[in-house]
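The values are calculated or read from the model by the stated rules, or taken from the named source; none is laboratory data. Note that this is a predicted model, so its numbers are computed, not measured. Glycine gets a Cβ as well: all are built from the backbone with ideal geometry, and neighbour counts include every protein chain shown. For the accessible areas, the whole protein counts, side chains as well, though only heavy atoms, and no ligand, DNA or RNA atoms are used. Shrake-Rupley method; radii C 1.70, N 1.55, O 1.52, S 1.80 Å.
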Amino acid sequence: MKVTRRDVLKTAAAASAMAAIGAPLTQVANAAANEPDEWVKSVCRFCGTGCGVMVGVKGGKVVTVKGDPNNHNAGFLCLKGALMPPIVYSKERVTKPYIRKNGKLEPASWDEAMTLVVDKFKTAIKEHGPTSVAYYGSGQALTEETYLASKIWKAGLGSNNVEGNPRLCMASAVGGYVTTFGKDEPCGSYDDIDNATCFFIIGSNMSECHPILFKRVAKRKQNSPNVKVIVVDPRKTNTARIADEHVSFKPGTDLAILNAMAHVIINEELDNARFHGKYCNFIVDWKTKKKGSFDDYVKFLEDYTPEKVAELSGVPAEQIVRIAKMFAESSATTSFWCMGLNQRIRGVWANNLVSNLHLLTGHIGKPGASPFSLTGQPNACGGVRDTGGLCHLLPAGRLIKKPEHRAALERQWGIPAGTIAPKPGLHTIALWNAFSEGKVKAMFVLCTNPAHSLPNVNIYTEGMKRTDNFMVLSEPFMDAETVKYCDVLLPPAFWCEKRGTYGCSERRYALLKKSVEPMGECRSDFEILMDFAKRMGVDPKVIPYKDVDDVWNEWRMVSAETPYNFSGITRARMEKESGILWPCPTEDHPGTKIRYVRGEDPNIPTDYKNKYKFYGKKDNKAWIILRPYKGAAEEPDADYPMVLTTGRVIDHWHTGTMTMKVPELRRSFPKAYVEVNVDDAAKAGIKNGDDVVLETRRDTMTFQARVSDVCRPGLVFVPWYDPNLMINKLTLNAFDAGSKQPEYKICAVRIKKA
Ligand code: SF4
């Protein structure tokens with residue numbers, strides 16, 4: 001049957017709306033009026049769900065996409081994923097290099113642009129040393145690109161200033177996993193959704209931010225009405241609308257709620273003493289790593305009775321008891337969380353506290369039971385966390401500060417001992433502070449839009465205006481905010497115009513095959529980085545690659561000596577299969593859905609004496625860490641009495657540079673707005689559609705009001721996608737001491753009718 005674009009959009013719009021109310025999506029098969037000549041296997045360009053897509057190509061152009069029936073999304077896509085093709089051919093595509101001259105970007109040849117870039121980087125290194133140059137990448141770059149960039153900087157240029165936007169979205173999740181389990185990345189898989197009997201969703205508006213996964217949760221609940229859903233969120237989001245228990249709390253008090261749940265679980269004797277007695281340690285002091293006992297934990301939790309926490313959080317004590325019992329009494333509980341926990345000054349602690357509940361109850365390491373952080377970007381996990389594309393990391397979870405980890409990489413990379421500098425580089429906020437202060441002189445920004453996405457962004461865009469620092473930007477779209485500030489603009493191949501790997505939230509690596517030739521003079525970021533490295537005089541032994549597959553093969557073998565081991569995920573397998581979950585040590589291994597369990601995780605010998613082995617820790621035990629409640633960096637006060645929070649909406653993704661180019665998506669959310677609670681609006685004389693002034697200690701902006709009961713009283717919400725109304729001018733750049741992730745989710749604000 002021939003399906004028109006109009007039919008497709010109707011189907012997709014209906015699917016999107018159904019997702020928004022928590023009902024199952026209709027399968028979106030985006031066949032266009034033009035039947036493609038061929039379908040090419042790929043992955044969606046947007047969120048960390050990592051849906052498989054088939055790219056329809058006709059006459060050398062992308063004409064449509066449809067869901068890959070063999071990937072985890074079983075052929076489903078949300079509206080964003082279904083409408084990707086027009087983005088490729090946007091009139092805003094950058095198709096040639098540019099150099100800024102007298103304040104204006106002027107077209108240039110590749111040679112002119114790269115000569116200037118290399119001159120600036122060489123001068124910076126010569127005059128100020130290697131730490132004066134930096135790379136700022138992305139959880140949207142391909143795995144091979146981030147691995148290559150990190151290696152060029154750390155092994156080739158002597159600079160550990162390698163950072164990227166994943167620091168802004170999942171660093172606290174990494175910190176949480178590493179402190180609790182000793183290893184990063186979730187232990188379960190998306191299949192847990194089909195087996196869980198209780199979902200604990202906290203700090204995540206899954207229905208809008210990960211709609212295909214939420215569809216699976218909604219379907220599970222629809223098919224098995226006894227399945228319970230708990231949503232902990234100060235907004236009554238669409239996710240909350242399918243909840244058995246929606247827990248609305250005073251922003252910032254969720255850490256206390258999590259401890260109160262543990263208190264109830266123990267008090268009601270619902271903890272799994274056999275599990276935590278055998279497989280967990282109780283850490284009473286994180287700084288000294290002092291181990292304590294279960295009794296120490298019980299004593300610590302005395303401060304978190306439901307009654308005390310009810311007073312603090314505004315959540316009725318009876319509801320805290322109900323959700324704690326629901327969590328513990330289910331046969332298998334899976335938790336999902338995202339930026340609501342991560343983008344906090346206590347983000348790592350919040351992550352630990354969710355894992356504590358799983359370890360306390362034994363809801364881990366079996367189908368349907370997993371603490372599972374969701375990722376915002378398509379390749380933050382596989383591309384940046386795993387390859388070590390941050391300032392303190394080396395590939396496969398190794399740390400720069402550890403001499404034995406540097407030595408292992410130097411040996412594997414075949415470079416002289418001592419090549420990798422022993423001091424970690426600057427984390428994202430420190431790096432952009434240093435750039436703004438003129439201390440970092442040359443910055444290579446690839447596949448991200450920091451002039452929109454950094455918190456308290458005005459101070460960083462001011463810094464980008466300096467004339468004594470230099471920024472080269474590889475960016476596909478001319479209207480991205482950061483283009484206004486770069487000195488050289490390079491035209492990268494976009495998504496289906498290049499080949500490489502994405503690794504999504506569930507440790508699944510999948511191949512994006514090249515579907516079409518790049519537009520104009522665009523080059524893949526692999527080619528751009530290789531050209532840069534060669535011109536910089538990087539030792540050829542550091543970059544021995546003919547093509548992007550060589551990078552993958554090296555990375556695969558680097559992983560082989562570690563618990564990440566995915567040496568069995570060969571390119572030949574990736575060509576055929578729609579993603580494989582690591583660890584995957586051999587070419588006939590099916591991939592790993594459950595980690596840390598004998599018989600499931602290939603890192604555990606089949607004759608190991610115990611069922612579980614948390615091998616990230618020396619004693620093979622996971623850590624229940626006693627983390628107290630601590631409030632936000634900027635609490636409301638008499639001058640700024642309300643809380644501002646930010647987030648995404650279903651039809652836009654991140655800074656809107658892609659989704660705002662799709663007419664159907666732009667029409668559904670044409671501009672950012674402020675969501676105000678009905679009671680607050682009545683008090684301030686604000687009606688739906690009125691202009692409302694938002695003022696924080698950093699800036700003042702005006703948004704149109706949407707008055708509803710979505711936000712609880714005292715809270716306002718603004719989506720962050722709109723380049724014309726950048727809410728990050730108002731947000732806070734305070735960050736978590738451990739993960740260095742900023743607290744986007746909470747700051748003090750005052751509002752008034754304009
Ligand atoms: S859920 Fe995420 S990965 Fe899947 S189609 Fe939508 S945007 Fe793409």
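Looking at 494, 526, just one residue is aromatic (Phe, Trp, Tyr), under 29 Å from residue 724 (Cα atoms) and touching a residue at least 24 places away in the same chain (Cβ under 8 Å), and that residue is 494. Exactly one residue among 482, 501 is within 17 Å of residue 135 (Cα to Cα) and either aliphatic (A, V, I, L, M) or open to solvent by less than 30 Å² (accessible area, probe 1.4 Å) (or both), and that residue is 482.
Taken over segment 490-507, residues that are touching a Ser or Thr at 6+ places or on another chain (Cβ under 8 Å) and within 16 Å of the ligand (Cβ to nearest atom) amount to 9.
Listed here are the residues, each with its yes/no results for (1) open to solvent by 10 Å² or more (accessible area, probe 1.4 Å); (2) among the hydrophobic types (A, V, I, L, M, F, W, C); (3) within 25 Å of the chain's Cα centre (by Cα).
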site: 219; (1), (2), (3): yes, no, yes
site: 224; (1), (2), (3): yes, no, no
site: 231; (1), (2), (3): no, yes, yes
site: 237; (1), (2), (3): no, no, yes
site: 242; (1), (2), (3): yes, yes, yes
site: 246; (1), (2), (3): yes, no, yes
site: 260; (1), (2), (3): no, yes, no
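The listed residues are 401, 423, 439, and the only one of them that is without any contact (Cβ under 8 Å) to a residue 60 or more places away in the chain and part of a loop (DSSP other than H, G, I, E, B) turns out to be 401. Could you grab me the full set of residues in segment 51-90 that are among the charged types (D, E, K, R) and either at pLDDT below 95 or within 8 Å of the ligand (Cβ to nearest atom) (or both)? 80 - this is the single residue of segment 51-90 that is among the charged types (D, E, K, R) and either at pLDDT below 95 or within 8 Å of the ligand (Cβ to nearest atom) (or both). Residues that are within 32 Å of the chain's Cα centre (by Cα), in contact (Cβ under 8 Å) with a residue 12 or more places away in the chain, buried (at least 24 other Cβ atoms within 10 Å of the Cβ) and away from the ligand (no atom under 16 Å from the Cβ): does segment 101-112 have at least one? No, that holds for no residue.
Here's the yes/no breakdown for (1) assigned by TED's automatic domain parsing to the domain that holds residue 387; (2) of a type in the set (Ser, Thr, Tyr); (3) within 24 Å of the chain's Cα centre (by Cα); (4) within 22 Å of residue 594 (Cα to Cα):
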| site | (1), (2), (3), (4) |
| --- | --- |
| 506 | yes, no, yes, yes |
| 510 | yes, no, yes, yes |
| 515 | yes, yes, no, no |
| 520 | yes, no, no, no |
| 531 | yes, no, no, no |
| 542 | yes, no, no, no |
| 552 | yes, no, yes, no |
| 556 | yes, no, yes, yes |
| 576 | no, no, no, no |
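Results for (1) part of a strand (DSSP E or B); (2) within 16 Å of the ligand (Cβ to nearest atom); (3) surrounded by fewer than 17 Cβ atoms within 10 Å (Cβ to Cβ), shown as yes or no for each residue.
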{"site": "644", "(1), (2), (3)": "yes, no, no"}
{"site": "652", "(1), (2), (3)": "no, yes, no"}
{"site": "689", "(1), (2), (3)": "no, no, yes"}
{"site": "693", "(1), (2), (3)": "yes, no, yes"}
{"site": "701", "(1), (2), (3)": "yes, no, no"}
{"site": "704", "(1), (2), (3)": "yes, no, yes"}
{"site": "707", "(1), (2), (3)": "yes, no, no"}
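When the residues of segment 294-337 are narrowed to those that are in contact with a Pro (Cβ under 7 Å, 6 or more places away or on another chain) and outside any strand (DSSP E or B), which ends up surrounded by the most Cβ atoms within 10 Å (Cβ to Cβ)? This residue is 320. Could you please let me know if residue 518 is part of a loop (DSSP other than H, G, I, E, B), open to solvent by 30 Å² or more (accessible area, probe 1.4 Å), at pLDDT 95 or above and touching a His at 6+ places or on another chain (Cβ under 6 Å)? No. The lone criterion from (1) in contact (Cβ under 8 Å) with a residue 40 or more places away in the chain; (2) assigned by TED's automatic domain parsing to the domain that holds residue 729 left unmet by residue 689 is number (1). Taking segment 504-515, which residues are outside any strand (DSSP E or B) and surrounded by 23 or more Cβ atoms within 10 Å (Cβ to Cβ)? Within segment 504-515, 504, 505, 506, 507, 515 qualify. Checked against (1) among the charged types (D, E, K, R); (2) within 30 Å of residue 428 (Cα to Cα); (3) open to solvent by less than 60 Å² (accessible area, probe 1.4 Å), residue 712 passes all but condition (2). Taken over segment 36-50, the criterion of being near the ligand (Cβ under 10 Å from one of its atoms) and open to solvent by 10 Å² or more (accessible area, probe 1.4 Å) is satisfied by 44, 45, 47.
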